[in-house]
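Taking it in order: structure first as structure tokens, then the write-up.
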Amino acid sequence: MEFELPEDLKLLQATVREFVERELIPIEMTIPAAEETPAEILEPLQAKAREMGLWLIDVPEELGGAGLGLLARCVVGEEVARTAALPFRGNFLFGPQLSPVLLECDERQRETYVYPLLRGEKRACFAQTEPDAGADPSSMTTRAERTGDGWTITGVKRFITLAHRADFATVLAVTDPEAPRGHQISCFLVDMDTPGVRLERSWPTMMGDAPWEVVFDDVRVPEENLVGEQGAGFALGQRFLTVGRVHGHGAVPVGIAQRALELMMDYARVRVTFGAPLAERQAVQFMIADSAIEIHAARLMVHRCAWRYDQGLDTRDESYMVKVYCSEMVNRVLDRAIQIHGSIGLTTDLPLERWFRQMRSIRITEGATEVMRWRLARNLLRARP
Ligand SMILES: Cc1cc2nc3c(=O)[nH]c(=O)nc-3n(C[C@H](O)[C@H](O)[C@H](O)COP(=O)(O)OP(=O)(O)OC[C@H]3O[C@@H](n4cnc5c(N)ncnc54)[C@H](O)[C@@H]3O)c2cc1C
């Protein structure tokens, strides 16, 4: 059994850590918490990342990326999450993010959508959630009906991240309501300037981002924009969410919690109350120790799940565990970090309050923790003879 990261990933980790310490942490509090990094800040950073060979790290080699996989993405994601300089969603420091759904595109779809996306010429959004279908996407009502030589899509999608910047959307819609469960939904690529696509309103959140409601009103989509097989949409959407759970809701909270632990230890050493540094108080030491234990457990869970994903093994249940544990762990660690900092922890001088608001969201998005627990328990019970 091998618990160490392979040497190439250790090198990658050290390189990214050094980059984050040198380029990002010093400027992090000057960058407003927003959905996207302003281009004048992002582009010079991207140029440096490219020079260092940190570009399209997890994109398959056949598509022009480094092909390092999900474990590499998680190792890098944890390091980058240690700074509040970049948004925790939609972080494009190491190039455009390619959702696993788009890996299913055929060559024609790649030419029109995937390669332009990887070159930075087109941007994408992912549209699954609806006003009445969030935690339970199988209850979606957006319909795609065969009309002529293509499809007509009608429905409303809600909370779609960066829809206003997207050139195309990956849209999940019901193609056959009579098909067996899991085979009713298909996945389509829809150009956002197609007649009938309308940005209805944005929903500003406590995290600083503002996802969009998008209306699809008799939107005509050619046959060649169906991704994968008809009826495969639900499985494709779940694949997208699995990667999100392990990276965005696993590795990213581990990185944020790690930095919060570093900040709480640094502060506990220098802050003196009642004649002694906070670091000498057992109540504070326990908060530090509990945080370190939980971060350690979370990191191991993320690495193992990502490694298994890269081997093509089943990670469904493990990804639920990662999501639940990491998303709750980071909320506990941030709460302790703010507590140890006292009032200064509540101010915008430190990244803690920003992360506290942002990390509250990941217990809900891309699979509420209750739903993850429910699915996990159901699978465990089914598997027990
Ligand atoms: C900032 C942001 C960005 C987003 N970006 C996207 C995006 O790009 N694309 C996209 O498609 N969606 C996106 N979403 C939507 C997000 O994934 C959904 O909001 C999420 O899945 C929850 O759906 P809901 O809000 O409808 O909650 P509901 O389905 O109404 O559930 C509400 C609550 O009920 C509880 N619950 C639900 N089911 C169960 C159960 N079976 N057992 C026990 N408790 C349960 C949970 O506590 C849950 O939080 C985004 C949301 C936000 C806030």
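The values are calculated or read from the model by the stated rules, or taken from the named source; none is laboratory data. Bear in mind the structure is a predicted one, so any value in this text is a computation, not a measurement. With ideal geometry, Cβ positions are generated from the backbone for all residues, glycine too; neighbour counts draw on all protein chains shown. Note: accessible area is taken over every heavy atom of the protein model, side chains too, but ligands, DNA and RNA are not part of it. Shrake-Rupley method; radii C 1.70, N 1.55, O 1.52, S 1.80 Å.
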>> Checking the a/c ratio against 1.5 first, then a/b against b/c, what shape does the Cα gyration tensor give for segment 1-46?
In response: prolate
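Output the peptides 88-97, 344-353 sorted from most to least packed, where packing is the average of other Cβ atoms within 10 Å over each peptide's residues. Provide the component values of the computation, followed by the final result.
On the way: 88-97: 20.4, 344-353: 16.5.
Taking the mean over residues of other Cβ atoms within 10 Å, the ranking is 88-97, 344-353.
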> What ³J(HN,Hα) values, in whole Hz, does the Karplus curve 6.51 cos²θ - 1.76 cosθ + 1.60 give for segment 53-62 when θ = phi - 60°, with x put for Gly and Pro?
Replying inline: x, 9, 10, 6, 4, 9, 6, x, 4, 4
> So what is the relative contact order for segment 1-130, in percent, with contacts set as C-alpha pairs under 8 Å and at least six apart?
Replying inline: 26 percent
>> Tell me which of LEU236, VAL252, VAL219 sits at the most positive position along the dipole axis of segment 211-272, charges placed on C-beta atoms (Lys, Arg +1; Asp, Glu -1).
In response: VAL252
>> Please compute one quarter of the surface area of the Cα convex hull for segment 289-385 and express it in square nanometres.
In response: 7.5 nm²
> To the nearest 10 square angstrom, how much accessible area does LEU24 have with a 1.4 angstrom probe?
Replying inline: 0 Å²
> How much space per residue, in cubic angstrom, does the convex hull of the C-alpha atoms of segment 127-264 take up?
Replying inline: 120 Å³
> Using r as the Cβ-Cβ distance of ARG375 and ASP132, and R0 as 22 Å, what FRET efficiency do you calculate, to the nearest 0.05?
Replying inline: 0.65
>> Please report the carbon-and-sulfur percent of the accessible area for segment 71-135; probe 1.4 Å, protein heavy atoms only, DNA, RNA and ligands left out.
In response: 46 percent
> Where a ≥ b ≥ c are the square roots of the eigenvalues of the C-alpha gyration tensor, would you call segment 323-363 rounded, which needs a/c under 1.5, or, failing that, prolate if a/b is larger than b/c, or oblate?
Replying inline: oblate
> Within straight cross-link reach of LYS157, meaning Cα distance under 28 Å, which lysines are found once same-chain residues fewer than 8 apart are removed?
Replying inline: LYS122, LYS323
>> Just to be sure I follow: if Rg is taken over the C-alpha atoms of the chain and Rh is the Kirkwood radius over the same atoms, what is Rg/Rh?
In response: 0.98
> Once phi is turned into θ = phi - 60°, what whole-Hz ³J(HN,Hα) does the Karplus curve with 6.51, -1.76 and 1.60 give for every residue of segment 134-146, x standing for Gly and Pro?
Replying inline: x, 4, 10, x, 5, 8, 5, 10, 4, 10, 10, 10, 5
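Of the accessible area of segment 342-385, with the probe set at 1.4 angstrom, what percent is carbon plus sulfur?
It is 60 percent, rounded to a whole number.
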>> Rounding to the nearest 10 and keeping the result within 0 to 90°, find how far the Cα-based axis of helix 316-341 lies from the longest principal axis of the chain.
In response: 40 degrees
> Between rounded, prolate and oblate, where does segment 121-186 land on the alpha carbon gyration tensor, with a ≥ b ≥ c its root eigenvalues, rounded for a/c under 1.5, else prolate if a/b exceeds b/c?
Replying inline: oblate
> For segment 140-218, what % of the accessible area comes from carbon and sulfur atoms, probe 1.4 Å?
Replying inline: 49 percent
>> What whole-number distance in Å separates the alpha-carbon centres of segment 94-151 and segment 290-365?
In response: 28 Å
> Taking a probe of 1.4 Å, how large is the accessible area per residue of the chain, in Å²?
Replying inline: 47 Å²
>> What are the ³J(HN,Hα) couplings of segment 280-296, residue after residue, when phi is run through the Karplus curve with 6.51, -1.76, 1.60 and θ = phi - 60°? Round to Hz, x for glycine and proline.
In response: 8, 8, 5, 4, 6, 4, 5, 5, 5, 5, 4, 5, 4, 4, 5, 5, 4
